[in-house]
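Reviewing the structure listed below.
The values are calculated or read from the model by the stated rules, or taken from the named source; none is laboratory data. As the structure is a prediction and not an experimental result, all values here were calculated from the model. Here Cβ is always computed from backbone atoms with ideal geometry, including for glycine, and neighbour counts include all displayed protein chains.
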Protein chains: 2
Amino acid sequence: MTDFAKTKSLFHLPAGQVYLDGNSLGPLPKAAVARVGKMMQDEWGDLLITAWNRAQWMNQPSRVGDRIGRLIGASAGTVVMGDTLSIKVYQALASALEINAARKTIVSDTGNFPTDLYMAEGLIKSLDKGHELKLCEPDAVEDCLAEDVAVLMLTEVDYKTGRLHDMKALTAKAHEKGILTIWDLAHSAGALPVKLDAAGADFAIGCSYKYLNSGPGGPAFIYVAPGLADQVRPALCGWLGHEAPFDFDLDYRPGRGIERMRVGTPPVLQLTALEASLDIWDLVDMEDVRAHSIKLSNLFIELVEANCPDLELASPRDAMHRGSQVSFRFGNGYAAMQALIERGVIGDFRAPDIMRFGFTPLYIDAEDVRKAAAIIEDVMLNRLWDSTDYFTRSAVT
Amino acid sequence: MTDFAKTKSLFHLPAGQVYLDGNSLGPLPKAAVARVGKMMQDEWGDLLITAWNRAQWMNQPSRVGDRIGRLIGASAGTVVMGDTLSIKVYQALASALEINAARKTIVSDTGNFPTDLYMAEGLIKSLDKGHELKLCEPDAVEDCLAEDVAVLMLTEVDYKTGRLHDMKALTAKAHEKGILTIWDLAHSAGALPVKLDAAGADFAIGCSYKYLNSGPGGPAFIYVAPGLADQVRPALCGWLGHEAPFDFDLDYRPGRGIERMRVGTPPVLQLTALEASLDIWDLVDMEDVRAHSIKLSNLFIELVEANCPDLELASPRDAMHRGSQVSFRFGNGYAAMQALIERGVIGDFRAPDIMRFGFTPLYIDAEDVRKAAAIIEDVMLNRLWDSTDYFTRSAVT
């Protein structure tokens with residue numbers, strides 16, 4: 001049984017706040033500052049260039065990838081870190097389209113995070129081969145899986161509503177029609193148990209700075225199914241994805257398996273901060289996280305709905321169809337969120353009217369939820385958003 | 001006049017070493033550990049998500065880009081940080097090929113760094129429109145500039161030999177033929193004065209972890225000429241390159257000017273380390289760097305050639321045609337470099353026979369050069385490489 005009091009004690013959480021925005025930027029693991037400082041001083045400072053081998057910086061992307069693999073049901077050697085999620089979307093999609101070259105349709109849904117759609121748009125324009133990005137409504141994705149579809153690309157958990165797709169069922173349906181799948185786990189990794197291998201997912205990508213607490217701009221990850229990676233031509237074929245980078249050949253030869261999805265020099269500082277967080281994750285069972293997350297979010301829904309009639313639940317009521325966040329619709333949501341933040345309840349706002357709250361059992365407990373719900377009630381009951389400066393734009397990402 | 005004794009005092013340099021590998025990984029600015037630690041604690045730790053605005057993380061890529069711009073002759077608003085050099089090569093090349101869509105040849109040279117060529121290869125395969133990557137000998141580039149060439153893509157300073165291209169002359173020649181230019185400044189930025197605006201370069205890219213001392217995996221930069229950026233369609237169109245990222249539109253609209261070359265969430269830890277280094281760079285005049293670099297490398301060549309007849313100069317003898325490194329050819333170069341590293345002279349080896357030494361006036365002075373040359377003489381005279389374990393592969397990047 002995961003000891004969540006213990007994990008909570010390992011994060012720096014500002015006094016007087018309830019931080020319900022770990023789905024946007026996870027908090028600082030207390031050990032991270034010293035860990036990064038030590039890496040900078042002892043490795044960068046003292047070992048300098050030799051640290052690439054002596055401090056094992058060179059294989060850090062796959063070493064860390066394997067640790068994340070454990071949290072998303074991916075076997076060793078199928079996950080590697082690097083770049084940003086946008087870049088990893090491009091890599092996965094370019095590879096998948098090339099494998100399924102006879103088909104020209106990419107299916108996604110309107111609940112996908114914009115950058116995934118933008119990167120697809122950009123790739124389609126570059127390829128200039130008549131590909132089409134077809135956006136379905138989230139609950140109609142299955143109906144869109146026709147025989148001409150090359151790739152189904154979805155974010156498992158909707159960043160606005162928290163709606164959870166059924167990865168296993170949709171992947172199976174896609175495969176029946178010869179469609180490859182790309183799953184964006186930005187709001188899944190560290191939020192709920194993901195079973196990539198078991199679901200038969202072809203590609204997955206995700207970021208590390210949300211539930212995985214790697215800090216601002218922490219690197220993304222990419223997963224390619226066992227057996228598939230060796231068939232993939234990386235569109236972004238950088239030198240560290242080369243079979244033998246230090247031969248400095250003029251021609252590219254893809255590295256073994258997932259290694260070929262590496263591109264350039266890995267961000268060692270950011271990866272080291274992530275390692276400090278993964279030390280906490282080592283103490284955690286994802287099934288426990290899920291159980292607690294559901295308890296916390298159900299409690300939150302219950303308290304808010306009981307006391308704030310103006311807030312309309314935007315997330316699925318059934319926890320089985322929800323990730324680890326709860327969203328409410330409210331016309332004055334932007335101002336109300338500002339009022340909440342001023343009172344120490346940190347959620348965020350997504351246009352046009354979504355107030356978003358993330359539940360992260362590693363450092364949020366039932367007492368936090370009760371405290372947050374009481375402050376929300378106070379803000380709503382007393383219309384405190386009326387006094388908020390509409391022009392002070394809150395920080396969001 | 002730049003005070004190089006002062007700048008040297010601001011770097012952590014391991015005792016007993018002469019570090020001649022700053023062209024691969026620059027050393028640690030002493031202030032960087034505390035700077036990154038403070039950012040992690042006070043901004044990530046305390047401000048959490050609000051730091052994107054309150055600590056100005058969101059505009060860090062262009063703020064830092066402008067500071068690098070000063071070192072490479074780029075006006076404000078033409079440089080932005082992000083990703084890795086490989087990714088930035090891809091962005092620049094994809095954009096340039098689209099502008100010059102009627103032409104199908106990319107000219108580069110055999111002295112280019114492999115990742116630039118790999119990324120070009122990968123893009124050509126993805127585009128599948130009959131583009132060809134033509135590699136000339138470095139001294140025959142001008143002869144390759146025919147009317148069917150879309151893009152001239154060169155690394156200004158050869159990573160192996162230090163040979164320096166004439167950016168201004170080659171850019172002018174290219175433009176005469178309607179060819180766009182992409183300059184890789186990996187071994188130029190912080191090594192010698194670069195005048196991008198004045199040379200009329202169209203695109204430039206570079207990395208920050210060599211002469212600019214940002215630490216392992218620090219972000220790359222990209223420059224797009226004033227006036228050109230707004231005409232460029234970014235192939236890698238991520239959400240932070242969108243005109244209004246926080247509108248979360250489903251359709252991409254490129255941001256203003258260079259902002260559109262941003263892709264995903266910026267690596268704030270790495271950028272903050274870079275800022276600590278740029279504080280040192282603020283004390284520095286690039287013309288002074290160049291003058292000292294030439295003095296140091298000329299002195300090195302003189303001493304080594306006088307005492308080590310087995311080492312054959314691989315770099316241009318004329319400093320005007322050389323960057324800030326000196327390379328020697330030697331059949332047992334790999335083992336000899338191991339022997340040197342054991343004795344505290346840190347250079348590196350590039351297959352098949354290049355021993356490479358970087359000269360970085362910010363923290364290397366004439367005394368260091370004399371010390372290094374004496375140790376090289378000792379190693380060569382006494383054939384100390386014979387005792388080196390050939391199977392202990394040195395760390396290189």
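Only one of B:Phe328, B:Phe300 is at pLDDT 95 or above, in a strand (DSSP E or B) and more than 30 Å from B:Cys237 (Cβ to Cβ). Can you tell me which? Step by step, each of B:Phe328, B:Phe300 is checked, and only B:Phe328 is at pLDDT 95 or above, in a strand (DSSP E or B) and more than 30 Å from B:Cys237 (Cβ to Cβ).
Consider the stretch A:1-51 and keep the residues that are part of a loop (DSSP other than H, G, I, E, B) and acidic (Asp, Glu). The one that is farthest from the chain's Cα centre (by Cα) is A:Asp3. Residues that are away from chain B (no Cβ under 14 Å) and out of contact with any Leu (no Cβ under 6 Å at 6 or more places or on another chain) within the stretch A:267-280 comprise A:Leu278, A:Asp279, listed in sequence order.
Would you mention how many residues in the stretch B:60-73 are in contact with a strand residue (DSSP E or B) (Cβ under 8 Å, 6 or more places away or on another chain) and assigned to a helix (DSSP H, G or I)? Qualifying residue count, the stretch B:60-73: 8.
Among all positions in the stretch B:332-354, there is no residue which is touching a strand residue (DSSP E or B) at 6+ places or on another chain (Cβ under 9 Å), of a type in the set (Lys, Arg), at pLDDT 95 or above and not in a helix (DSSP H, G or I).
Against the definition (of a type in the set (A, V, I, L, M, F, W, C), in a loop (DSSP other than H, G, I, E, B), more than 11 Å from chain B (Cβ to nearest Cβ) and more than 16 Å from the chain's Cα centre (by Cα)), how does A:Ala172 come out, yes or no? Answer is no for this residue.
In the set A:Leu135, A:Leu123, A:Leu127, only one residue is within 8 Å of another protein chain (Cβ to nearest Cβ), at pLDDT 95 or above and over 20 Å from B:Leu123 (Cα atoms); that residue is A:Leu135.
B:Ala276 fulfils the conditions (1) surrounded by 17 or more Cβ atoms within 10 Å (Cβ to Cβ); (2) of a type outside the set (Val, Ile, Thr); (3) free of Cβ contacts under 8 Å to residues at least 12 places away in the same chain except for a single criterion, (3).
For (1) at the interface with chain A (Cβ under 10 Å from one of its Cβ atoms); (2) within 19 Å of B:Ala191 (Cβ to Cβ); (3) at pLDDT below 95, each residue gets a yes or a no:
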{"residue": "B:Gln17", "(1), (2), (3)": "yes, no, no"}
{"residue": "B:Asp21", "(1), (2), (3)": "yes, yes, no"}
{"residue": "B:Gly26", "(1), (2), (3)": "yes, yes, no"}
{"residue": "B:Ala32", "(1), (2), (3)": "yes, no, no"}
{"residue": "B:Val36", "(1), (2), (3)": "yes, no, no"}
{"residue": "B:Ala51", "(1), (2), (3)": "yes, no, no"}
{"residue": "B:Pro61", "(1), (2), (3)": "yes, no, no"}
{"residue": "B:Arg70", "(1), (2), (3)": "no, yes, no"}
{"residue": "B:Leu93", "(1), (2), (3)": "no, no, no"}
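Has the stretch B:75-88 got at least one residue that is in contact with a helix residue (DSSP H, G or I) (Cβ under 8 Å, 6 or more places away or on another chain), within 10 Å of another protein chain (Cβ to nearest Cβ) and aliphatic (A, V, I, L, M)? Taking every residue of the stretch B:75-88 in turn, at least one turns out to be in contact with a helix residue (DSSP H, G or I) (Cβ under 8 Å, 6 or more places away or on another chain), within 10 Å of another protein chain (Cβ to nearest Cβ) and aliphatic (A, V, I, L, M). Report yes if some residue within the stretch A:239-256 is surrounded by fewer than 16 Cβ atoms within 10 Å (Cβ to Cβ), in contact with a Pro (Cβ under 7 Å, 6 or more places away or on another chain), outside any helix (DSSP H, G or I) and without any contact (Cβ under 8 Å) to a residue 40 or more places away in the chain; otherwise report no. Yes, there is a match, as at least one residue in the stretch A:239-256 is surrounded by fewer than 16 Cβ atoms within 10 Å (Cβ to Cβ), in contact with a Pro (Cβ under 7 Å, 6 or more places away or on another chain), outside any helix (DSSP H, G or I) and without any contact (Cβ under 8 Å) to a residue 40 or more places away in the chain. For the stretch A:38-73, a residue qualifies if it is over 18 Å from A:Glu275 (Cα atoms) and assigned by TED's automatic domain parsing to the domain that holds A:Leu123, and exactly one does: A:Gly73. In the stretch B:228-245 there is no residue matching the filter, namely being within 8 Å of chain A (Cβ to nearest Cβ), in contact with a Lys or Arg (Cβ under 8 Å, 6 or more places away or on another chain) and under 20 Å from B:Leu71 (Cβ atoms).
Of all residues assigned to the stretch B:329-346, none qualifies as being surrounded by fewer than 18 Cβ atoms within 10 Å (Cβ to Cβ) and of a type in the set (A, V, I, L, M).
The condition (being modelled with pLDDT of 95 or more and at the interface with chain B (Cβ under 10 Å from one of its Cβ atoms)) is satisfied by just one residue among A:Asp148, A:Asp109, A:Asp116, A:Asp166: A:Asp116.
B:Ile182 passes every criterion in (1) within 30 Å of A:Ala34 (Cα to Cα); (2) more than 14 Å from every other protein chain (Cβ to nearest Cβ) apart from (1). Could you tell me whether A:Ile182 is surrounded by fewer than 24 Cβ atoms within 10 Å (Cβ to Cβ) and touching a Leu at 6+ places or on another chain (Cβ under 7 Å)? No, not satisfied.
One residue stands out among those in the stretch A:42-59 that are under 16 Å from B:Lys30 (Cβ atoms) and in contact with a strand residue (DSSP E or B) (Cβ under 9 Å, 6 or more places away or on another chain): the one that is surrounded by the most Cβ atoms within 10 Å (Cβ to Cβ), which is A:Trp44. Inspection of the stretch A:204-224 identifies no residue that is of a type in the set (Gly, Ala, Ser), in the same structural domain as A:Ala314 (by TED's automatic domain parsing) and on the phi < 0 side of the Ramachandran plot.
Filter the stretch A:74-83 down to the residues that are in a loop (DSSP other than H, G, I, E, B) and in contact (Cβ under 8 Å) with a residue 24 or more places away in the chain, then identify the one that is surrounded by the fewest Cβ atoms within 10 Å (Cβ to Cβ). Checked the stretch A:74-83; the qualifying residue surrounded by the fewest Cβ atoms within 10 Å (Cβ to Cβ) is A:Ser75.
Taken over the stretch B:257-286, the criterion of being under 21 Å from A:Lys210 (Cα atoms) and outside any helix (DSSP H, G or I) is satisfied by B:Arg262, B:Val263, B:Gly264, B:Thr265, B:Pro266, B:Pro267. Of all the criteria given as (1) part of a loop (DSSP other than H, G, I, E, B); (2) farther than 15 Å from A:Gly73 by Cβ; (3) free of Cβ contacts under 8 Å to residues at least 40 places away in the same chain, the one not satisfied by A:Lys160 is (3). Of all the residues in the stretch B:192-210, those that are part of a loop (DSSP other than H, G, I, E, B) and touching a helix residue (DSSP H, G or I) at 6+ places or on another chain (Cβ under 9 Å) number 9. Within the option set A:Arg256, A:Arg290, A:Arg262, being within 14 Å of chain B (Cβ to nearest Cβ) and not aromatic (Phe, Trp, Tyr) holds for one residue only, A:Arg262. Picking from residues in the stretch A:376-397 that are in a helix (DSSP H, G or I) and surrounded by fewer than 18 Cβ atoms within 10 Å (Cβ to Cβ), the one that is modelled with the lowest pLDDT is A:Ser387. Selection of the stretch B:147-165 for residues being over 30 Å from A:Phe246 (Cβ atoms) and either among the charged types (D, E, K, R) or out of contact with any Lys or Arg (no Cβ under 7 Å at 6 or more places or on another chain) (or both) yields B:Glu147, B:Asp148. Would you check which residues across the stretch B:146-165 are hydrophobic (A, V, I, L, M, F, W, C) and buried (at least 21 other Cβ atoms within 10 Å of the Cβ) and list them? Within the stretch B:146-165, B:Val149, B:Ala150, B:Val151, B:Leu152, B:Met153, B:Leu154, B:Val157, B:Leu164 qualify.
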